[in-house]
Amino acid sequence: MKKRVKDRKQPVYERIKNFEEVSFGYDEKQAVEEAKRCLQCKNAPCIKGCPVEIDIPRFIKEIKEGNFQKALQIIYEKNLLPAICGRVCPQETQCEIVCTLTKKFQPVAIGKLERFAADNSDVPLSCSINTNPELKNKKVAVIGSGPAGLTCASELIRCGIKVTIFEALHKLGGVLTYGIPEFRLPKRIVEKEIRRIIELGVEIKTNIIIGKTIKIEELFQMGYDAIFIGTGAGLPNFLGIPGENLLRVYSANEFLTRINLMKGYLFPEYDTPVSIGEKVAVIGGGNVAMDSARSALRLGAKEVFILYRRTEKEMPARREEYENAVEEGIKFIFLVQPIEIIGDENGYVKGIKIIHNELGQPDESGRRRPIPIPNSEEILPFDTVIVAIGQSPSPLIPKTYPELKIGKNGNIIVDPETCQTNIEGIYAGGDIATGAATVISAMGMGKKAANSIINYLLKK
Ligand code: FAD
Ligand code: SF4
């Protein structure tokens, strides 16, 4: 069996000085070569590993035969955001981990092939429209334009339902636009895939905060027959330790939004300066921590450290992005926990007091619990701190519409099979229902909710 084909990347010494995409993806020859590794398994475990059940062997076969348009058409049957998913989905824990080749060799690079098909073909989305005349006069309001909202909206409009997306920000895309940096997910790619969904006929209303500008109840009065809430997990978690209000302490959410949405990395061309010191500490071990650390490096920090309370093995970040971060010179300090951020006389950060941890028994997440070692405190010098320890569900709609049933983490409770909330006609999905998760899980829920809304409207 041939080895998995490696993608082409920007050399490290160049990419740490710019925000352009790190991976160039496959060229035609590489894609065809990688597609030939697929065994075309009859039982295709990869399909079951994909939360939206793309017919993986069928699209890979088309790439192998050089039919790139056909490959994309097959992907579109299940996923309208393939250039995005091909870049950021954690394939290594989904379709690729169950690939038959994984047992003895490396899995087929399903994500990179999906990205190749999306980047190298152009199929009109109208090819996948299937209008139901009974639904022609129905109207649905979708709140939030992240992957959950976009997927729900596109599934509904493909059946002929009129859909309006209400988005609080001035740009569409949710975390795809304001969170994940350009060097991992170029915004022209996000804009291109969103534009195609808009072209299906979805009405867009930006700068509208549902719960403030318009209340949930008012949407029904405005004639919407059903509502989908896909407002994500936009509330940053904080450490809750002394010193978090010092200057140059950022939440990852604010730091990345300034860079991505407000184009801080293009200052002074764009008017968003991002103040960064020479020695940066990022607290956390997920994708958000990796993105923050690699962005800080590109903004000119001399040294960037990730401080994580467990070990490399338990880090939730995608392996590929961890490896990219290591290649780029990000340093890792494992088994430490900040207990205080220390400031100087001007109110700026000058260090972090940490305590060392050891690992105990697994906790409810299945990962071994970090336990502080008594008397192991130490002060490490840093002049910038970025807190990337997770986000909680956006609280505005639950607060302003208390009839909705909420879980203990502030998430909207939904029926897992239908994504219906406790209120008739209101559905929810994505991070607002699960807490911070992944693009593809948000898309999966958006799709599930759309199917339930269709059934609900047909009965209504
Ligand atoms: P979001 O993408 O958060 O979108 C919600 C939208 O709703 C936003 O546009 C918001 O402005 C809008 N909104 C909120 N409240 C209102 C309101 N009241 N009225 C109107 N609009 C409102 N996942 C991966 O799979 N792979 C990765 O590599 C990855 N990297 C990540 C990196 C970062 C920095 C972050 C923050 C997350 C990352 N994730 C990754 C997680 C992934 O992006 C999310 O799970 C996903 O975007 C959730 O989608 P969503 O549609 O539920 O919400
Ligand atoms: Fe191809 Fe792997 Fe899917 Fe088998 S499991 S069809 S080898 S991608």
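The values are calculated or read from the model by the stated rules, or taken from the named source; none is laboratory data. Computed from a predicted structure; not experimentally measured. For neighbour counting, all protein chains shown are included, and Cβ atoms are generated from backbone atoms with ideal geometry for every residue, glycine included. Heads up: the accessible areas ignore ligands, DNA and RNA and are worked out on the full protein's heavy atoms, side chains in. Shrake-Rupley method; radii C 1.70, N 1.55, O 1.52, S 1.80 Å.
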Notebook entry, point to check: Does at least one position in the range 390-410 carry a residue that is in contact with a Lys or Arg (Cβ under 8 Å, 6 or more places away or on another chain), open to solvent by 50 Å² or more (accessible area, probe 1.4 Å) and under 28 Å from T231 (Cβ atoms)?
Noted result: yes
Check: Would it be correct to say that N409 is under 26 Å from M290 (Cα atoms), in a loop (DSSP other than H, G, I, E, B) and not small (G, A, S)?
Finding: yes
Check: Quick one: how many residues across the range 37-51 are within 16 Å of ligand 1 (Cβ to nearest atom) and either in contact with a helix residue (DSSP H, G or I) (Cβ under 7 Å, 6 or more places away or on another chain) or open to solvent by 40 Å² or more (accessible area, probe 1.4 Å) (or both)?
Finding: 2
Item checked: Given (1) open to solvent by less than 20 Å² (accessible area, probe 1.4 Å); (2) within 17 Å of P51 (Cα to Cα); (3) in contact with a strand residue (DSSP E or B) (Cβ under 8 Å, 6 or more places away or on another chain), number of the condition A436 does not satisfy -> (1)
Next item on the list: Evaluate the range 20-30: report whether one residue or more is in contact (Cβ under 8 Å) with a residue 60 or more places away in the chain, surrounded by fewer than 14 Cβ atoms within 10 Å (Cβ to Cβ) and under 22 Å from the mean Cα position of the chain (by Cα).
Entry: yes
Item checked: Among residues of the range 62-84, those that are of a type in the set (G, A, S), assigned to a helix (DSSP H, G or I) and either open to solvent by 60 Å² or more (accessible area, probe 1.4 Å) or more than 15 Å from ligand 2 (Cβ to nearest atom) (or both), counted -> 1
Note to self: With the requirement that a residue be farther than 15 Å from D55 by Cα and either of a type in the set (S, T, N, Q) or away from ligand 1 (no atom under 16 Å from the Cβ) (or both), what does the range 84-99 give you?
What the structure shows: T93
Next item on the list: Check the range 256-273 and report whether any residue there is in contact with a His (Cβ under 9 Å, 6 or more places away or on another chain) and within 26 Å of K9 (Cα to Cα).
Entry: yes
Item checked: Residue that is acidic (D, E), more than 20 Å from R58 (Cβ to Cβ) and either modelled with pLDDT of 95 or more or within 9 Å of ligand 1 (Cβ to nearest atom) (or both), where the choices are E182, E155 -> E182
Notebook entry, point to check: Right, P416: over 25 Å from P51 (Cα atoms) and either in contact with a Ser or Thr (Cβ under 9 Å, 6 or more places away or on another chain) or not aliphatic (A, V, I, L, M) (or both) or not?
Noted result: no
Check: Does E34 satisfy the condition of being touching a residue at least 12 places away in the same chain (Cβ under 8 Å), over 19 Å from the mean Cα position of the chain (by Cα), over 24 Å from A153 (Cβ atoms) and buried (at least 22 other Cβ atoms within 10 Å of the Cβ)?
Finding: yes
Notebook entry, point to check: What number of residues within the range 340-377 are farther than 15 Å from R310 by Cα and either in contact (Cβ under 8 Å) with a residue 60 or more places away in the chain or aromatic (F, W, Y) (or both)?
Noted result: 9
Checklist line | Within the range 244-359, helices (runs of 4 or more DSSP H) holding 3 or more residues that are crowded, with 23+ Cβ neighbours inside 10 Å and on the phi < 0 side of the Ramachandran plot | finding: 252-260, 287-298
Checklist line | Only listed residue being within 16 Å of ligand 1 (Cβ to nearest atom) and more than 22 Å from V123 (Cβ to Cβ), chosen from E14, E21, E33 | finding: E21
Next item on the list: May I ask you to list the residues in the range 85-107 that are more than 21 Å from V439 (Cα to Cα), in a loop (DSSP other than H, G, I, E, B) and within 9 Å of ligand 2 (Cβ to nearest atom)?
Entry: P107
Check: Taking interchain pairs and intrachain pairs at least six residues apart, which have beta carbon atoms under 6 angstrom, with the first residue in the range 49-63 and of a type in the set (D, E, K, R) and the second open to solvent by 10 Å² or more (accessible area, probe 1.4 Å)?
Finding: E53/I47; E53/K78; E62/K70
Checklist line | Residue count, the range 1-56 (criterion: within 16 Å of ligand 2 (Cβ to nearest atom), touching a strand residue (DSSP E or B) at 6+ places or on another chain (Cβ under 9 Å) and either assigned to a loop (DSSP other than H, G, I, E, B) or aromatic (F, W, Y) (or both)) | finding: 1
